[in-house]
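For reference, the structure discussed in these notes is given below.
The values are calculated or read from the model by the stated rules, or taken from the named source; none is laboratory data. Keep in mind that this is a model prediction, so the values were computed, not measured. Note that we place each Cβ from the backbone using ideal geometry, even for glycine, and neighbour counts take in every protein chain shown.
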Amino acid sequence: MAGLFDTYKDATVLQCSFIEKLERLDLESVNGFSDSLASFLSAKDEKNFVYGLAAGRSALSLYSFLQLLYNHFNAFPCTMEDPVQKHFRDTRKNLGIAVSGSGETPAVNKYIEDIINQGGDMRLITANEDGTAHRLVEDYENGSILVIKGKTKYDEDMTRTSKLSPMGTEFELEVLAFLNAVFKEIQARIDGERDEACESYLSTIKDFAAQCKLISRIDEERLTRWFERLFPRSGRYIIGGVGRSGLVARAFEMRFTHLNKTSYWERDFNTP
C-alpha cells in the first residue's frame, strides 16, 4: 500500500496547484462575473430563476454553487432535469449558468440555445475557446464567458501527471473552487462594497490551497489502513452524503464507475 500513499500525496500536491492557479486568473474576468451575478441577484422583491446547465462532475461543481445561491438569496435553482420552458417567464428574471470544459456536451449546448432563444441572461464557464458553447454565447447580447484553462476529459495525455488527475479533474476542481471563492465577491457587491482587487476572492483561494496542503500531509498509517479496507473489497460500494457534502460524495462515487466497480449513489444518505 506504500505505492498508493505516494500516489495519493503526488495527486494531492498536483491538485493543490490547480487551486493555486486561480490566484492568477484575470481579475477583470472575476470582477465581470461577480458584477453580473450581483446585478441579477440584487432584486429582493421577486423570484430569480437560475438554470444550472452542466453534466457529470461539472454539474456537481455547479450545483454546489446553486445551493449557496438558494440558501442566501431570493433565487430558485433549476437543473437540466427541468425544461427551460417549464419555468421561464418574461415577467421574472432568468439566468442560465453553463459549465462545460470542452464546450461540446450536446445536452448543455441545447439548453444554452433554449435560454438564448427565450432572451434570458447567459453565463458560460469553459476551458475551450474554440468550443461550440463558446461560439453560442460569445455573440449573444445578454451573454458573457469566463475561461478557466484546465484539462478536460477530452484531452489526450497519457503522462503520469494526467493519471494523477484523470477524466477532467483539473477543470472541475478549479470551477468548484472558483465558484465558492467568488461567492464572497458577489455578496460584497450586493451589500454595496466593490473591490476591484478582489481581495475576498483571492484570500479564499489562498485558504483553499492551504487546506489542500494540510490534506496532503495526512497520517500515512491511518490512510493506508483505510486503503486496505476499501480496495480489496468485492461486491457493491454504496456511497452517500448530505447537502453539499453529498455532492462531494457523488463525485467520489462516479470515480468508482470509472474503475469498473459496482457502485451506487444513495440520495440523502445519513448514517453515523
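Of the helices (runs of 4 or more DSSP H) contained entirely in segment 180-268, not one carries at least 3 residues that are touching an Asp or Glu at 6+ places or on another chain (Cβ under 6 Å) and either exposed (fewer than 13 other Cβ atoms within 10 Å of the Cβ) or of a type in the set (Lys, Arg) (or both). For segment 77-120, a residue qualifies if it is farther than 22 Å from residue 169 by Cβ, in contact (Cβ under 8 Å) with a residue 40 or more places away in the chain and either outside the structural domain of residue 34 (by TED's automatic domain parsing) or in a helix (DSSP H, G or I) (or both), and the qualifying residues are 111, 112, 115.
Residues that are within 13 Å of residue 143 (Cα to Cα) and of a type in the set (A, V, I, L, M) were ranked within segment 102-132; the one that is farthest from the chain's Cα centre (by Cα) is 116.
Kindly check whether there is at least one residue in segment 16-24 that is crowded, with 18+ Cβ neighbours inside 10 Å, within 21 Å of the chain's Cα centre (by Cα) and either within 21 Å of residue 142 (Cα to Cα) or among the acidic types (Asp, Glu) (or both). Scanning segment 16-24 turns up no residue that is crowded, with 18+ Cβ neighbours inside 10 Å, within 21 Å of the chain's Cα centre (by Cα) and either within 21 Å of residue 142 (Cα to Cα) or among the acidic types (Asp, Glu) (or both).
Filter segment 165-179 down to residues that are assigned to a helix (DSSP H, G or I) and over 16 Å from residue 29 (Cα atoms) and give me whichever is modelled with the highest pLDDT. Among those residues, the one meeting the criterion is 176. Here residue 67 meets the list (1) touching a helix residue (DSSP H, G or I) at 6+ places or on another chain (Cβ under 7 Å); (2) buried (at least 17 other Cβ atoms within 10 Å of the Cβ); (3) closer than 22 Å to residue 182 by Cβ almost entirely, failing just condition (2).
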